[in-house]
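The block underneath contains the structure these notes are about, expressed in structure tokens.
The values are calculated or read from the model by the stated rules, or taken from the named source; none is laboratory data. Source: prediction; values computed, not measured. Cβ atoms come from the backbone with ideal geometry, glycine included; neighbour counts cover every protein chain shown. Quick note on the areas: whole protein, heavy atoms, side chains included, nothing else; ligands and nucleic acids left out. Shrake-Rupley method; radii C 1.70, N 1.55, O 1.52, S 1.80 Å.
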Amino acid sequence: MAASVWLRGAASGLRYWSRRQWPAAANLEAVCSRSVASKTPVGFIGLGNMGNPMAKNLMKHGYPLVIYDVFPDACKEFHDAGEQVVSSPADVAEKADRIITMLPTSTNAIEAYSGANGILKKVKKGSLLIDSSTIDPAVSKELAKEVERMGAVFMDAPVSGGVGAARSGNLTFMVGGVEEEFAAAQELLGCMGANVVYCGAVGTGQAAKICNNMLLAITMIGTAETMNLGIRLGLDPKLLAKILNMSSGRCWSSDTYNPVPGVMDGVPSANNYQGGFGTTLMAKDLGLAQDSATSTKSPILLGSQAHQIYRMMCAKGYSKKDFSSVFQYLREEETF
């Protein structure tokens, strides 16, 4: 495992790292660390819409990979590029002492770590295990305990930014775990993201991600409703989007990921809502937010409504489309 670099932040305990702002004291050690570490294979489990480009960015930074995905076809291009492809998460753990997992659900994460052929069957002492899935914070905490019993280190590091940011290496990572190990995780995560934020103990990364995605769902629905209303009032959608994006209604859903076909290029709405972040996954994340709100007795009126909308979308044929297809759903639903 790469040597840890202590980076102390503000009195609040929040520590933040950006590719654009390396802490001066960490520069030399991190660079030297990477030149050595790049010769050591890194395990990567989960090569979906997000995991695939994330793994490719590790390759671009010189890290040999040990790859596993439940769907063998997802590994083919990595195999063709000369990377090691193995037949189980346990085999990944046998060959690599730093592993990143990027999986759809809590159930998938539990299986990858604790299953019959899971990572913990062959994990090496001192290994660093980073889970970038978006899962229940309670599951992250339980996995951390199991990993610790095996003499290894677990950190949760979910991401924000979508497929575009995954491809360009501009993701934001929200990291929870042992503070002393943050620099070791940062070394790898910095190859895939522009921002790496330390949030606190295990589970706090997931908490930050759940809150972020709840707001994202709410703003996407709001953007879709607003664009639909404007179009029905006779406004050109590109003009309306331009006005929103220079006014107080501007948000990521309007200026970076607009849900209306024809308004922006390179987003799922320009490709029949294919690719991107699936409606099923958004409904799952909103369910996690709902569970967290119940356990903490927190009112989330709009979050709950968003959860219901995305669940209805899944039931009506939108489950495999990008979550921005809520615009299409609203246009087609006469009940609204």
Q. Rounded to the nearest 0.05, what FRET efficiency do Ser298 and Thr107 have when you use their Cβ-Cβ distance and R0 = 25 Å?
A. 0.50
Q) Using the heavy atoms of the protein chains alone and a 1.4 angstrom probe, what is the accessible area of the range 42-200 per residue in square angstrom? A) 36
Q. Taking θ as phi - 60°, what are the ³J(HN,Hα) couplings along the range 42-51 by the Karplus curve (6.51, -1.76, 1.60), each to the nearest whole Hz, with x for Gly and Pro?
A. 10, x, 9, 10, x, 10, x, 4, 8, x
Q) Taking the Cα centre of each part, how many Å lie between the range 85-157 and the range 279-314? A) 26
(Q) For a quick check: with amide H placed at 1.01 Å from N, whose amide H comes under 5 Å from Val85's, ignoring anything fewer than 5 positions away on the same chain? (A) Ile67
Q: Select from Pro137, Pro259, Pro237 the residue whose mean-square fluctuation is largest in a Gaussian network model of the chain (Cα-Cα springs shorter than 10 Å).
A: Pro237
**Q.** Whole-Hz ³J(HN,Hα) from phi, Karplus 6.51 cos²θ - 1.76 cosθ + 1.60, for the range 265-280, glycine and proline x
**A.** 8, x, 10, x, 5, 8, 9, 6, 6, 8, x, x, 10, x, 4, 4
Q.
Using the Karplus curve 6.51 cos²θ - 1.76 cosθ + 1.60 with θ = phi - 60°, what ³J(HN,Hα) values do you get for each residue of the range 157-171, in whole Hz, with x for Gly and Pro?
A. 8, x, 10, 9, x, x, 5, x, 5, 5, 5, 7, x, 10, 5
Q: Please list, in chain and number order, the residues 5+ apart from Phe154 or on another chain whose amide H is under 5 Å from its amide H, with Hs placed from the backbone.
A: Leu129
Q. DSSP beta bridges in the chain, what fraction antiparallel, as a percent rounded to 5?
A. 30
Q: With 25 Å as the limit, write out which pairs from Lys95/Lys145; Lys56/Lys141; Lys125/Lys209 have Cα-Cα distances beyond it, or answer none.
A: Lys56/Lys141; Lys125/Lys209
**Q.** Proximal aspartates and glutamates to Lys316, defined as alpha-carbon separation beneath 20 angstrom and excluding residues fewer than eight positions away on the same chain
**A.** Glu225, Asp285, Glu332, Glu333, Glu334
